[in-house]
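Notes for the one structure printed next.
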Amino acid sequence: MTTSGERWGLAFEFERAAHLLASARYPIAMTGAGVSVESGIPPFRGPGGLWTRHGEPPMDGYQRFLADPKGYWEERLRAPSEIVQALAQAQPNAGHHAMVELERMGLLRYLITQNIDNLHRAAGHRQLAEIHGNAQLLRCIGCGRRFTMEALPVVIDDLPPRCPTCAGLIKVDTVHFGEPIPPDVLQTCSREARLADCMLIAGTSALVYPAASFPQMIKERGGSLIEVNLYDTPLTPLVDCSLRGAFGEILPTLVEQVRARLTA
Ligand SMILES: [Zn+2]
């Protein structure tokens, strides 16, 4: 049950978050798995988590791909995993749409997401980097070029697929365990984190590097951090403002407050 003190506390935090966002010179955002759970994508760990139920994925997924790219593709084509099926059905939630509003208002300059589910793009977000890749795309590990599944259909009697530009091996764009973050994405994220003086962090405890380094970089240079999460995270002691609650409920309210501030 919410006490009046907690309600007052949340109203205060909303005011503060709206102020920090509206007064920042270059606010950016970072999102993680928590925002996808609200769109029906199961988390990896914890109750009901994919890895909790099916076991952790191999820690050398990328090396396995390199060792046997044909086998990797055969397995993917024959038995689409539960996550692939969940991804195919998921739709952006109110939080994804509110994030797009912040971008359209000219306020949010960039979005770094750890999610592979394409939901930010599906909602209409334009300026974003998917640091762990995008499950809807394919990527050449030679030249880094990305392809839609339609542009480069993968057929079972011609595996592994090869890049039409450089003949390099093609895998899904999703970054596997043991695989380096694609250098173009990493450079973009680092550039944006250096430019930013405020970061809205939603649905992630930002513990996994390199994502973990971005809030720290911003904070060390005197920027502000706003956290949106159901729970306290290891990042909470570092942030200027914590909005406790569901992404799909908090973000639309935050957009209203920011808009009221900008039009006042
Ligand atoms: Zn290539």
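Couple of notes before you dig in:
- For the stretch 131-183, residues that are open to solvent by 20 Å² or more (accessible area, probe 1.4 Å) and not in a loop (DSSP other than H, G, I, E, B) total 6.
- Filtered by the rule that a residue be open to solvent by 20 Å² or more (accessible area, probe 1.4 Å) and farther than 23 Å from residue 43 by Cβ, the stretch 86-106 gives 101, 103, 104, 105, 106.
- The condition of being over 30 Å from residue 107 (Cα atoms) and under 26 Å from the mean Cα position of the chain (by Cα) holds for only one of 146, 139, that being 139.
- Subset of the stretch 192-215 (residues that are in a helix (DSSP H, G or I) and closer than 20 Å to residue 108 by Cβ): 192, 193, 194, 195, 214, 215
- Residue within the stretch 188-199 that is out of contact with any strand residue (DSSP E or B) (no Cβ under 7 Å at 6 or more places or on another chain) and either under 20 Å from residue 67 (Cβ atoms) or within 16 Å of the ligand (Cβ to nearest atom) (or both) present: no
- If the condition is being among the hydrophobic types (A, V, I, L, M, F, W, C), farther than 26 Å from residue 78 by Cβ and within 11 Å of the ligand (Cβ to nearest atom), then the stretch 114-170 contributes 143, 166.
- Helices (runs of 4 or more DSSP H) contained in the stretch 1-85 and holding at least 3 residues open to solvent by 80 Å² or more (accessible area, probe 1.4 Å) and modelled with pLDDT of 75 or more: 4-23, 61-67, 69-78
The values are calculated or read from the model by the stated rules, or taken from the named source; none is laboratory data. It should be emphasised that the depicted structure is a prediction, and the values quoted were computed from it without experimental measurement. Every residue, glycine as well, gets a Cβ built from its backbone with ideal geometry; the counts of neighbours run over all protein chains shown. Side chains included, ligands, DNA and RNA excluded: accessible areas come from the protein's heavy atoms. Shrake-Rupley method; radii C 1.70, N 1.55, O 1.52, S 1.80 Å.
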